[in-house]
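The values are calculated or read from the model by the stated rules, or taken from the named source; none is laboratory data. Bear in mind the structure is a predicted one, so any value in this text is a computation, not a measurement. When we count neighbours, we look across all protein chains shown, and the Cβ atoms used for this are built from the backbone with ideal geometry, even at glycine.
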Amino acid sequence: MKVFISRNIPQPGIDELIKNGLEVIINTDDKKLSQEELIQACQQVDLLLNVGHADLNNHFLQSCKHLQGIALASVGYDHVDINAATALGIPVSNTPEVLSGATADVAFLLMLAVSRKAFFRANDVREGKWNDFEFMQDLGIELNGKTLGIYGLGRIGLDLAIKAKAAYNMNIIYHNRSRNEVAENQVDAHYVSFEDLLAQSDVISLHTNLSPATQFKFDKEAFIKMKKTSIIINTARGKVINELDLIDALQKGEIWGAGLDVTDPEPMSLTNPLLQMSNVCVLPHIGSATIETRTKMAIMAANNLLAVAKGNAMLQIVNKEVYQ
């Protein structure tokens, strides 16, 4: 069987496919392919290992309905028309769990950096704007003993809660579709309503998937209900936040700061006002960007395709209905 890999991945993932007898074709230019380029590349292969957030919509799937499996090198799959893939009998897998620690690290990094305006002030140093000492200049906020609110307390959120509890003895509250008893026992997390999450949190960190229920969940109404001293962190999906409302809330002082590893759109425009704010830190979607994590993701994606090649069900399948 033949596999097309849409971008370069760590060599162990490629080796896993080759040593098991699959023919591997890689986009060696390592650039994002247009949808039509990706469709063309998939015409002569049986399997796709997709890297990044190409639009695998109904048009793509109908054009590539011969594919026997699609492995995503990502935990999110909102860029895939799962219903269309299921109807065509194409199994789709993702890479859950393995990126939890790395993504939680970035959320922690953003939380601390925003609280001390670190990225903005570091840039001032590089631009020669380090002036004489001023006692009241660019004061930050301490995190010790503050309340961390987590929206979507799964594995990533729990990893962040553990770090925040250990480093700053933060109180942990959360809002989920269902209770997380593991987190309640491990970090004394307390389940609260969405309204209470907004009102009580000093820091709110987003770790939810993107769905119709979560899209633009954090909008003008939500920001008004947050503390004026609060920080919002997003390592989930850009569209969970209404970015125009976030800009407005920051400009009006309705919240204190924001740390974003995901934006809407990506990449962010250089003219975006968020990039000029001292209390905002923006990263280019690097939540899982460590050698260790990306290697694990590549191997997991490869193993999902190998399962298909051997006539078995994908190990981390998203649309289980394909096998029913």
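Values computed for the structure shown
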| read-out | value |
| --- | --- |
| Spans of strands (runs of 3 or more DSSP E) in the range 1-56 with at least 1 residues among the charged types (D, E, K, R) | 2-5, 23-26 |
| Residue match in the range 248-258 (condition: of a type in the set (A, V, I, L, M, F, W, C), surrounded by fewer than 15 Cβ atoms within 10 Å (Cβ to Cβ), touching a residue at least 12 places away in the same chain (Cβ under 8 Å) and assigned by TED's automatic domain parsing to the domain that holds L158) | no |
| T295 vs. criteria assigned to a helix (DSSP H, G or I), of a type in the set (V, I, T) and out of contact with any Gly (no Cβ under 6 Å at 6 or more places or on another chain) | yes |
| Residue that is nearest to the chain's Cα centre (by Cα) [pool: residues in the range 27-52 that are touching a residue at least 40 places away in the same chain (Cβ under 8 Å) and crowded, with 16+ Cβ neighbours inside 10 Å] | V51 |
| Residue identified as free of Cβ contacts under 8 Å to residues at least 60 places away in the same chain, surrounded by fewer than 19 Cβ atoms within 10 Å (Cβ to Cβ), within 17 Å of I231 (Cα to Cα) and not charged (D, E, K, R) among L148, L139 | L139 |
| Residue check for K239: at negative phi, assigned by TED's automatic domain parsing to the domain that holds P265, touching a residue at least 12 places away in the same chain (Cβ under 8 Å) and not in a helix (DSSP H, G or I) | no |
| Among (1) in contact with a strand residue (DSSP E or B) (Cβ under 8 Å, 6 or more places away or on another chain); (2) in contact (Cβ under 8 Å) with a residue 60 or more places away in the chain, the one test that S230 misses | (2) |
| Wholly within the range 127-205, helices (runs of 4 or more DSSP H) carrying at least 3 residues that are modelled with pLDDT of 95 or more, assigned by TED's automatic domain parsing to the domain that holds I233 and within 22 Å of the chain's Cα centre (by Cα) | 155-168, 194-200 |
| Answer from I156, I82 - the residue that is within 30 Å of V308 (Cα to Cα) and surrounded by fewer than 23 Cβ atoms within 10 Å (Cβ to Cβ) | I82 |
| Residues of the range 57-104 classified as under 18 Å from the mean Cα position of the chain (by Cα), assigned to a loop (DSSP other than H, G, I, E, B) and of a type in the set (S, T, N, Q), total | 3 |
